[in-house]
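As structure tokens, the structure follows; a few thoughts come after it.
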Amino acid sequence: MYRWYDLAEVPSDWDECVATIGVFDGVHRGHQHVLAKVVQRARARGATSMALTFEPHPVRILHPDVPKRLLTPLPVKLRLLEQSGLDAVLVLPFTRDSH
């Protein structure tokens, strides 16, 4: 699985892809269902499958006063996303300037 941590890292010749966007904390059953659909649709089109996620969790930036306990730290989340069959994951930094 390809992993990128900045939009500039995505190859410029990256062809058609089917993508989903989310935080994916926990990669729970609902996430797994969405990811399976993304992989399925990408395969049907001969495209690649990709998830776009954020680090840190947006709540930590937008509401720093609200305690937010993560279900899965980034390395675990990436492993779970890879197990879903995705071809690539783009992890974008979430800052006050990015929303």
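Each value in this text was obtained by applying a stated rule to the coordinates, not by laboratory testing. Keep in mind that this is a model prediction, so the values were computed, not measured. We place every Cβ from the backbone using ideal geometry, glycine too, and count neighbours over all the protein chains shown.
The distance between label points at Gln83 and Glu55 comes to 1.8 nm (points 7 Å beyond Cα on the Cα→Cβ vector). With neighbour counts taken as other beta-carbon atoms within 10 Å, the residues Leu35, Leu74 rank, fewest first, as Leu74, Leu35.
Relative contact order of segment 2-94, please, whole-number percent, based on alpha carbon pairs below 8 angstrom and at least 6 residues apart.
The normalised contact order for segment 2-94 reaches 43 percent.
Axis of helix 74-83 versus longest Cα principal axis of the chain: the two differ by about 20°, to the nearest ten degrees. Projecting the Cα atoms of Leu92, Leu52, His33 onto the charge dipole of segment 2-94 (Cβ charges, centred on the Cα centre) puts His33 farthest toward the positive pole.
Give me Rg/Rg_expected for the chain, where Rg uses Cα atoms only and Rg_expected = 2.2 N^0.38 Å with N residues.
Here the answer is 1.10, to two decimals.
In the chain, the calculated helix contribution to ellipticity at 222 nm averages -9500 deg cm²/dmol per residue, counting -39,500 (n - 2.57) for every DSSP H run with n ≥ 4.
In this label model, His33 and Leu92 are separated by 2.6 nm, measuring between points 7 Å along each Cα→Cβ vector.
Taking Cα atoms only, the orientation of helix 29-45 departs from the longest principal axis of the chain by about 30 degrees. For segment 2-94, the dipole from Cβ point charges (+1 on Lys and Arg, -1 on Asp and Glu) about the Cα centre works out to 500 debye, to the nearest 20. Bridge orientation summary for the chain: considering DSSP beta bridges with both residues in this region, about 0 percent are antiparallel.
Suppose R0 equals 35 Å; then what is the FRET efficiency for Thr72 and Arg45 from their Cβ-Cβ distance, rounded to the nearest 0.05?
0.75
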